[in-house]
Every structure is written in C-alpha cells, then in structure tokens.
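One structure below.
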Amino acid sequence: MKIEEIKTKIKTGSFRITDHALIESFKDGLTVADILYALNHGKIIEEYPHWKRCLIYGKSANKVPIHVVIDYSWEEEIDIVTVYIPDPRHWIRFQTRKKKGPKHEKK
C-alpha cells in the first residue's frame, strides 16, 4: 500500500484504531488528533508485505516524532495497530533502525 492510499483512507474515515493503539498512544501522551496528523504528513519507513502492514513515521502538530503501524489486510479500510514515540537509542532520526552491535546480538 502506498502512503497516498493511506492518507485517502484517513481523509474518508475508512480506518479503525485498535484498543492497543489507543492504550499505547495515551501512555506516550499522544491523542487521536496527533496520530491522524502524523499519518496525514508522514511517510512509510518500513514495509512488512507478508503481514500486509507498514510502519509510518510522522510528527504531531507539536513536532513530536511518532511511529504508527498500519494493517491493510482489508481492502475497505485500514487498521491502526499500534502507535508510539520512537526511542532515539534505537533509531537514526527516528526513521532508520540502528544496527545492533555484537554485544547486543543473541547467542
């Protein structure tokens, strides 16, 4: 799915926000308006085609970085699966995952 299609689904109300996404976003102090703003101004930074999901990076109107996982399994609408503020220890400019070093790898 392309970001333009996701933005269209948001604008037409063809989306659902899971309870999990609401709980996680509220833990980070994010509102539904923050999520929708980030999606309308964001970009896809990772794709998971085998799950029919993608990770979107955007910012709230207050410039808070936000990650949103979208599930596009249904043609009619998308699901907002989870939302969180990315940890800068794990992301480069909140858009590229940092590679794990040798001491962080599983043995």
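Each value in this text was obtained by applying a stated rule to the coordinates, not by laboratory testing. Remember, predicted model here, so these are calculated numbers, not experimental data. Note that each Cβ is placed from the backbone with ideal geometry, even for glycine, and that neighbours are counted across all protein chains shown.
R0 = 22 Å: FRET efficiency of E47 with T12, Cβ-based, nearest 0.05?
Details: r = 22 Å, r/R0 = 1.02.
Working from the Cβ atoms, E equals 0.45.
If the viscosity is 0.692 mPa s and the temperature 37 °C, what translational diffusion coefficient in µm²/s does Stokes-Einstein give for the chain when Rh comes from Kirkwood over Cα pairs?
Stokes-Einstein gives a translational diffusion coefficient of 231 µm²/s.
Roughly how big is segment 7-107's charge dipole about its Cα centre, with Cβ charges of +1 (Lys, Arg) and -1 (Asp, Glu), in debye to the nearest 20? If you can, show how the numbers build up before the last one.
On the way: 19 positive and 13 negative charges, 158 e Å.
The dipole of segment 7-107 has a size of about 760 debye.
For segment 9-58, which semi-axes, largest first and in whole Å, follow from the square roots of 5 times the eigenvalues of its Cα gyration tensor? Mind showing how you got there, number by number?
On the way: eigenvalues 64, 37, 30 Å².
Working from the Cα gyration tensor, I get semi-axes of 18, 14, 12 Å.
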